[in-house]
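Trainee: Please read through the structure below; I'll follow up with questions.
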Amino acid sequence: MLDSTHSVATPEGVDLTLVPAGVLPRATAFLIDLLLRGVILVVAASAIGVLGHVGIGLFLLLLFLVEWFYPVLFEVLGGGATPGKRSVGLQVVEVDGRPVGLAASVIRNLLRAADFLPLLFGLGLVSMLFSPRFQRLGDLAAGTLVVWTPERLRTVDLPPAPAQAPPSPLRLAEQKALIAFAERSQRLAPARQVELAELLEPLTLARGDLAVTRLRGMARWLAGER
Amino acid sequence: MSPQEFLRRHEADWTALERALAAATPADAQALPARYRQACQHLALARERHYPPALVDRLNRLVVQAHHHLYRMPPPRAGAVARFLLRDFPALVRAHAGLFWLAALCFYGAFAAIALAVWWQPSLVYSVLDASQVREFEAMYDPARRHLGSTRDDAGDFLMFGYYVQHNIGIGFQTFAGGMLGGIGSLVILLFNGLTLGAVAGHLTRVGFHDTFWSFVCGHGAFELTAIVLAGMAGLMLGRALVAPGRLTRGEALRQQARPAVRIIYGAALLLVLAALVEAFWSSSQAVPPALKYAVAALLWGAVALYFLRAGRSAEAADAPR
């Protein structure tokens, strides 16, 4: 199946499946963090403004730390996620699936300056679109991924239909395809739903709306409903 | 075995693993490794038997969480910072000395060339700086000023310290990041800074402000200029990995070089903090006579050279295989 998952082999001999996050959720998380950083700086500025020149000096030090090390702090100590990433449901991990370490976090966040070039994350965007795991330049050098947290990967509700067993056993990829169809079918036009469902006539032994209903029913059965 | 039967038999094990992840009690936490390996086995079985995706996904989620918990980076060992400063950092710079000299040649070469050119032909300063910048630099190093190196006499030393940290370390980090453009970004930033500083130096020497200018820059320059060259060197390490990866893939070469490169950046950032301290509280003071500043500067440059040439050598020799 065409998907963007990333498999990690563990010492225990199983493959873990991680799901890298694309451009849009990451941009959302970045904007939330940007806003939060702005708020921190404004609050700090009004708090230490009364200190005069020493206050401005302190503010410049804080500006430096917030500009470069805000993400490092949260990624290393906060389970791989800045507040923005946490709210979207993302986390940074090393390519081997371990939590991100200090060196990797510093590398990816210092190299953000290169991703930003030539304008508004131009290189970072190109790098993410061309890398199979949505890695920006900083991620490539640090060997890190931004993935959906396990909590965010719970399956969505399937549309209602009477659960029914498929007439023959299906392989895991086939089962997943059926469930993915049921999950997404409500976002498709009815005619398109029918068109896709009729491709599986040997399985459903039906045409038209009945084929769609039967596929949804099989999906519910595969998802555990009896 | 049907998926339902599998679920019925093992569900208790999985909730026990979830409890161990939350680490409600020490006994739960101790059970984590065993519970985790058991869940790994269940995941492998569930995949092999083509159990429903929801079940496989649930187990995968659980195993990912436990794996994340179990394979955390160890906390840094005690003495790691001291070991880095006294031994690993200078040894690392020596190990990549070629790139250090390339970065230094770029920076000091541009500096010397334009400084001599401006000294010989004063109007050349306007090829690098515009007229208002030249006036500003003249004002900063006017011998009549109480505070050197800034146009605001009333600006406190601590304010300038904050400014130097924010501005100079930012430039250092950008020089490093420029390495991702095949090293060209780092080289351009080194050349540009060398040209600007060289033009200012040539011009101010020519107009007779040499004592205020050179006595100002010579002290903290030992740390600041060395750190900028080191940042360029770290960027060039990334650039070399991208341009000439050798027998590795570009991605693999980049990942391998990024780790030592960022350690050089740690050292460079520390040097820049030192430089900011010296620059804000020592270099800018007009109360200190230039002769004393030159003497201290000679000491600082000597200390920096000695540090990078000698620090950690005996430990390296002791570790080396015989």
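The values are calculated or read from the model by the stated rules, or taken from the named source; none is laboratory data. The structure displayed is predicted, hence computed values, not measured ones. Cβ placement follows ideal geometry from the backbone for every residue including glycine, while neighbour counts extend to all protein chains displayed.
Trainee: Residues in region B:148-157: is at least one in a helix (DSSP H, G or I), modelled with pLDDT under 90 and within 14 Å of another protein chain (Cβ to nearest Cβ)? Outline the logic, then answer.
Mentor: Our first condition is that a residue be in a helix (DSSP H, G or I); within region B:148-157, this holds for B:157.
Then keep just the ones that are modelled with pLDDT under 90; that gives B:157.
Checking which are within 14 Å of another protein chain (Cβ to nearest Cβ) leaves us with B:157.
Yes: one or more hits.
Trainee: Among all residue pairs at least 6 apart or on different chains, which show Cβ distances below 6 Å where the first residue, located in region B:184-198, is within 16 Å of B:Tyr126 (Cβ to Cβ) and the second is of a type in the set (A, V, I, L, M) and part of a helix (DSSP H, G or I)?
Mentor: B:Leu195/B:Ala110; B:Leu195/B:Ile114; B:Gly198/B:Ile114; B:Gly198/B:Ala115
Trainee: Tell me, which residue of region A:190-226 that is touching a residue at least 60 places away in the same chain (Cβ under 8 Å) and aliphatic (A, V, I, L, M) is farthest from A:Ala177 (Cα to Cα)? Write out each step before concluding.
Mentor: Narrowing region A:190-226 to residues touching a residue at least 60 places away in the same chain (Cβ under 8 Å): A:219-220, A:223, A:225-226.
Now drop any that are not aliphatic (A, V, I, L, M), which leaves A:219, A:223.
Values: A:Ala219: 9, A:Ala223: 12 Å.
Once the filter is applied, the top-ranked residue is A:Ala223.
Trainee: State whether the residues of region B:88-109 include one that is touching a strand residue (DSSP E or B) at 6+ places or on another chain (Cβ under 6 Å) and exposed (fewer than 14 other Cβ atoms within 10 Å of the Cβ).
Mentor: So the first thing to find is which residues in region B:88-109 are touching a strand residue (DSSP E or B) at 6+ places or on another chain (Cβ under 6 Å), and the list is none.
Checked against the condition, which is being touching a strand residue (DSSP E or B) at 6+ places or on another chain (Cβ under 6 Å) and exposed (fewer than 14 other Cβ atoms within 10 Å of the Cβ), region B:88-109 yields no hits at all.
Trainee: Let me ask you something else. May I ask you to say which residue of B:Gln30, B:Gln38 is within 13 Å of another protein chain (Cβ to nearest Cβ) and among the polar types (S, T, N, Q)?
Mentor: Working: B:Gln30 fails: within 13 Å of another protein chain (Cβ to nearest Cβ).
When all the criteria are applied, what remains is B:Gln38.
Trainee: Another one. Name the residues in region B:176-185 that are at the interface with another protein chain (Cβ under 10 Å from one of its Cβ atoms) and either out of contact with any helix residue (DSSP H, G or I) (no Cβ under 7 Å at 6 or more places or on another chain) or within 17 Å of A:Pro118 (Cβ to Cβ) (or both), would you? Let's see the steps before the verdict.
Mentor: Here is the first cut: in region B:176-185, the ones at the interface with another protein chain (Cβ under 10 Å from one of its Cβ atoms) are B:176-181, B:185.
Listed by number, the residues that qualify are B:Ala177, B:Gly178, B:Gly179, B:Met180, B:Leu181, B:Gly185.
Trainee: Would you call B:Gln133 closer than 30 Å to A:Ala141 by Cα and either without any contact (Cβ under 8 Å) to a residue 40 or more places away in the chain or crowded, with 22+ Cβ neighbours inside 10 Å (or both)?
Mentor: Numbers: closer than 30 Å to A:Ala141 by Cα: no; either without any contact (Cβ under 8 Å) to a residue 40 or more places away in the chain or crowded, with 22+ Cβ neighbours inside 10 Å (or both): yes.
Considered against the rule, which asks whether it is closer than 30 Å to A:Ala141 by Cα and either without any contact (Cβ under 8 Å) to a residue 40 or more places away in the chain or crowded, with 22+ Cβ neighbours inside 10 Å (or both), B:Gln133 comes out as no.
Trainee: Condition first: within 14 Å of chain A (Cβ to nearest Cβ), within 28 Å of the chain's Cα centre (by Cα) and aliphatic (A, V, I, L, M). Now tell me which residues in region B:47-104 satisfy that.
Mentor: Matches in region B:47-104: B:Met73, B:Ala80, B:Val81, B:Leu92.
Trainee: Would you confirm whether any residue within region A:182-193 is among the charged types (D, E, K, R), assigned to a loop (DSSP other than H, G, I, E, B), out of contact with any strand residue (DSSP E or B) (no Cβ under 7 Å at 6 or more places or on another chain) and over 30 Å from A:Asn109 (Cα atoms)? Steps first, answer last, please.
Mentor: Of region A:182-193, the ones among the charged types (D, E, K, R) are A:183-184, A:187, A:192.
Right, trim to assigned to a loop (DSSP other than H, G, I, E, B) and you get A:187.
In the following step, the residues that additionally are out of contact with any strand residue (DSSP E or B) (no Cβ under 7 Å at 6 or more places or on another chain) were identified as A:187.
In the following step, the residues that additionally are over 30 Å from A:Asn109 (Cα atoms) were identified as A:187.
Yes, some residue in region A:182-193 is among the charged types (D, E, K, R), assigned to a loop (DSSP other than H, G, I, E, B), out of contact with any strand residue (DSSP E or B) (no Cβ under 7 Å at 6 or more places or on another chain) and over 30 Å from A:Asn109 (Cα atoms).
Trainee: Further question: What residue, among those in region A:180-215 that are of a type in the set (Gly, Ala, Ser) and within 23 Å of B:Ala54 (Cα to Cα), is farthest from the other protein chains (Cβ to nearest Cβ)?
Mentor: Checking each candidate, the answer is A:Ala211.
Trainee: Still on this model: A:Ala81 passes all but one of (1) under 27 Å from A:Ser7 (Cβ atoms); (2) assigned to a helix (DSSP H, G or I); (3) more than 9 Å from chain B (Cβ to nearest Cβ); which number fails?
Mentor: Tallying (1) under 27 Å from A:Ser7 (Cβ atoms); (2) assigned to a helix (DSSP H, G or I); (3) more than 9 Å from chain B (Cβ to nearest Cβ), A:Ala81 fails exactly one: (2).
Trainee: While we're on this one: Within region A:45-54, does at least one residue satisfy the condition of being modelled with pLDDT under 85, in a loop (DSSP other than H, G, I, E, B) and not basic (Lys, Arg)?
Mentor: Step one: list which residues in region A:45-54 are modelled with pLDDT under 85, which gives A:47-54.
Still in the list and also in a loop (DSSP other than H, G, I, E, B): A:52.
Remaining after also requiring not basic (Lys, Arg): A:52.
Looking for residues that are modelled with pLDDT under 85, in a loop (DSSP other than H, G, I, E, B) and not basic (Lys, Arg), one finds at least one in region A:45-54, hence yes.
Trainee: Right, next: Output the residues belonging to region B:128-137 that are under 14 Å from B:Ala201 (Cα atoms) and out of contact with any Leu (no Cβ under 7 Å at 6 or more places or on another chain).
Mentor: Restricting attention to region B:128-137, the residues satisfying the condition of being under 14 Å from B:Ala201 (Cα atoms) are B:128-129, B:133-137.
Correct list: B:Leu129, B:Gln133, B:Val134, B:Arg135, B:Glu136.
Trainee: Being of a type outside the set (Ser, Thr, Tyr), more than 10 Å from chain B (Cβ to nearest Cβ) and part of a strand (DSSP E or B) is the filter; apply it to region A:1-44 and report the residue that is surrounded by the most Cβ atoms within 10 Å (Cβ to Cβ).
Mentor: So, considering only residues that are of a type outside the set (Ser, Thr, Tyr), more than 10 Å from chain B (Cβ to nearest Cβ) and part of a strand (DSSP E or B), the one surrounded by the most Cβ atoms within 10 Å (Cβ to Cβ) is A:Pro20.
Condition check ((1) farther than 30 Å from A:Arg86 by Cα; (2) surrounded by 16 or more Cβ atoms within 10 Å (Cβ to Cβ)) across all residues:
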{"site": "A:Asp157", "(1), (2)": "no, no"}
{"site": "A:Ala161", "(1), (2)": "yes, yes"}
{"site": "A:Ile179", "(1), (2)": "no, yes"}
{"site": "A:Ala191", "(1), (2)": "yes, no"}
{"site": "A:Val194", "(1), (2)": "yes, yes"}
{"site": "A:Ala206", "(1), (2)": "yes, yes"}
{"site": "A:Arg214", "(1), (2)": "yes, yes"}
{"site": "A:Leu222", "(1), (2)": "yes, yes"}
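Trainee: Checking the structure you have, find out if any residue of region B:188-200 is small (Gly, Ala, Ser), assigned to a helix (DSSP H, G or I) and within 14 Å of chain A (Cβ to nearest Cβ). Break it down stepwise before answering.
Mentor: Step one: of region B:188-200, the residues small (Gly, Ala, Ser) are B:194, B:198-199.
Still in the list and also assigned to a helix (DSSP H, G or I): B:194, B:198-199.
Those left that are additionally within 14 Å of chain A (Cβ to nearest Cβ): none.
No - not one qualifying residue is present in region B:188-200.
Trainee: Take the conditions closer than 29 Å to A:Ala173 by Cα, surrounded by 14 or more Cβ atoms within 10 Å (Cβ to Cβ) and modelled with pLDDT of 85 or more and apply them to B:Val64. Does it pass? If you could, list the steps in order and put the result at the bottom.
Mentor: Values: closer than 29 Å to A:Ala173 by Cα: yes; surrounded by 14 or more Cβ atoms within 10 Å (Cβ to Cβ): yes; modelled with pLDDT of 85 or more: yes.
In short, yes.
Trainee: Quick one: would you say B:Leu277 is within 13 Å of chain A (Cβ to nearest Cβ) and within 22 Å of B:Val296 (Cβ to Cβ)?
Mentor: Details: within 13 Å of chain A (Cβ to nearest Cβ): yes; within 22 Å of B:Val296 (Cβ to Cβ): yes.
Spelling it out, B:Leu277 is indeed within 13 Å of chain A (Cβ to nearest Cβ) and within 22 Å of B:Val296 (Cβ to Cβ).
Trainee: Another one. Starting from region B:204-216, take each residue that is of a type outside the set (S, T, N, Q) and list its partners that are buried (at least 17 other Cβ atoms within 10 Å of the Cβ) and not in a helix (DSSP H, G or I), counting only C-beta distances under 8 angstrom and pairs at least six apart or across chains.
Mentor: Close Cβ pairs satisfying both conditions: B:Leu204/B:Tyr141; B:Phe209/B:Tyr141; B:Phe213/B:Tyr141; B:Phe216/B:Tyr141; B:Phe216/B:Leu148; B:Phe216/B:Gly149; B:Phe216/B:Ser284.
Trainee: Just to verify a result, which residue in region B:109-123, among those that are touching a residue at least 24 places away in the same chain (Cβ under 8 Å) and either among the aliphatic types (A, V, I, L, M) or part of a loop (DSSP other than H, G, I, E, B) (or both), is farthest from B:Gly202 (Cα to Cα)? Break it down stepwise before answering.
Mentor: Of all residues in region B:109-123, those touching a residue at least 24 places away in the same chain (Cβ under 8 Å) come to B:109-119, B:122.
Next, only the ones that are either among the aliphatic types (A, V, I, L, M) or part of a loop (DSSP other than H, G, I, E, B) (or both) stay: B:110, B:112-118.
Working: B:Ala110: 12, B:Ala112: 9, B:Ala113: 10, B:Ile114: 7, B:Ala115: 4, B:Leu116: 6, B:Ala117: 8, B:Val118: 5 Å.
Going through the qualifying residues, I end up with B:Ala110.
Trainee: Exactly one condition in (1) surrounded by 19 or more Cβ atoms within 10 Å (Cβ to Cβ); (2) in contact (Cβ under 8 Å) with a residue 60 or more places away in the chain; (3) more than 26 Å from B:Leu236 (Cα to Cα) is not met by B:Val278; state its number.
Mentor: Only one criterion in (1) surrounded by 19 or more Cβ atoms within 10 Å (Cβ to Cβ); (2) in contact (Cβ under 8 Å) with a residue 60 or more places away in the chain; (3) more than 26 Å from B:Leu236 (Cα to Cα) is unmet by B:Val278, namely (2).
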